[in-house]
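Presented below is the structure to which this report refers.
The values are calculated or read from the model by the stated rules, or taken from the named source; none is laboratory data. Please read these numbers as outputs of a predicted model, since none were measured by experiment. All Cβ positions, glycine included, derive from the backbone under ideal geometry; neighbour counts span all protein chains shown. What goes into the accessible areas is simple: the full protein's heavy atoms, side chains included, and nothing from ligands, DNA or RNA. Shrake-Rupley method; radii C 1.70, N 1.55, O 1.52, S 1.80 Å.
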Amino acid sequence: MPETATLLVSCPDQKGLVAGISSFIFRHGGNILQSDQYTDLEAEVFLARFEFRLDGFQIPRDQIAAQFRPLAEQLGMGFEIHFSDHVPKIALFASRLPHCLEDLLQRQQAGEFRAEIAMVLSNHPDLGPIAGRYGVPFLHFPITSENKERQEEEEMRELQSRGVELIVLARYMQVLTENFITCYPNRIINIHHSFLPAFVGAKPYHQAFLRGVKLIGATGHYVTMNLDEGPIIEQEVARVSHRDSIDDMIRKGRDLERTVLGRAVRLHLVHRVLTYGNKTVVFD
């Protein structure tokens, strides 16, 4: 496959946006392979994704952002540029439940993610053998209310030293501090075992069982300071009935969690997610 660049943009809606971006790529010898756009008419926000080939493009890749910036400033546009041959490093955070962690490790091993899993980090030692089976470094950081901030500082040092760009909370049962979240805006993905915004917080399946729901779900979202309220990337549901016990719902829910988290991570890695406000546009 040819090497490509992906340009993500967001800005106030106005005339000439698609023409201006397409013209920039064309003028410099680029061939657009895919383009997707969406305008939120209520918020008056324009969001778009352009993927174009780099062979024959006349601007060196390390200068594309600088060359595009005058147009972006003229249009009040925020933008990101990503390259297809870049292999980002991921850190997986987990506690004791293994299902999401092992699923992500399997997907990466099978080549579903163009990424390197640089480390598995946990507040318990239980999942060390799983990381070891996949040859991934396992770091154990016991956390209490007394040492939480100090441990997070050590964790961030490890993340920075290993060049981690994306953090995935694979059923990590700790609330991250504001300092931690601020360092990784829209780069921490969490799986919530509920169809948000319903049944937030602890024991969502117990809440759902008591309400006699007919659908349960899972939600993959970016982490923000508002617990379980970050921009949603992916969701899925499964039917349940009065015959399902809480254990049945948990079993079905874990299947959903694996699927939804895997999809959310992949969508992020292929640069198909744009956030604005507390919402996302996901270009499929």
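Tabulated data for the structure shown
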read-out: Global form of region 118-197, assessed from the alpha-carbon gyration tensor, a/c cut-off 1.5; value: rounded
read-out: For region 90-169, size of Cβ-based charge dipole, Lys and Arg +1, Asp and Glu -1, in debye; value: 220
read-out: DSSP beta bridges in the chain [antiparallel fraction, %, rounded to 5]; value: 70
read-out: From phi via Karplus (6.51, -1.76, 1.60), per-residue ³J(HN,Hα) for region 49-57 in Hz, x at Gly/Pro; value: 9, 10, 10, 9, 6, 8, 5, x, 6
read-out: Placed amide H near L139: partners under 5 Å, 5+ positions off or other chain; value: V120, L121, S122
read-out: Relative counts (whole %) of C-alpha pair distances in region 1-158, using bins that are 10 Å wide; value: 9, 28, 20, 22, 18, 2
read-out: Lysine pair number, Cα distance threshold 28 Å (strictly under), the chain, separation 8 or more or different chains; value: 10
read-out: Debye, to nearest 20: dipole size of region 102-255, +1 on Lys, Arg Cβ, -1 on Asp, Glu Cβ; value: 560
read-out: Over the chain: helical MRE at 222 nm, DSSP H runs n ≥ 4 each giving -39500 (n - 2.57), nearest 500; value: -10000 deg cm²/dmol
read-out: Heavy atoms of R258: accessible area, 1.4 Å probe, square angstrom to 10; value: 70
read-out: For L33, residues with placed amide H under 5 Å, excluding near neighbours; value: E51, F52, R53
read-out: Answer label for Cα Rg over 2.2 N^0.38 Å (calculated), chosen among (i) 1.01; (ii) 0.96; (iii) 1.09; value: (iii)
read-out: Hz values of 3J(HN,Hα) by residue in region 68-84 - Karplus curve (6.51, -1.76, 1.60), Gly and Pro given as x; value: 7, 4, x, 5, 4, 5, 4, 9, x, 9, x, 8, 9, 10, 10, 10, 5
read-out: R162 long-range amide H proximity, modeled H, under 5 Å; value: none
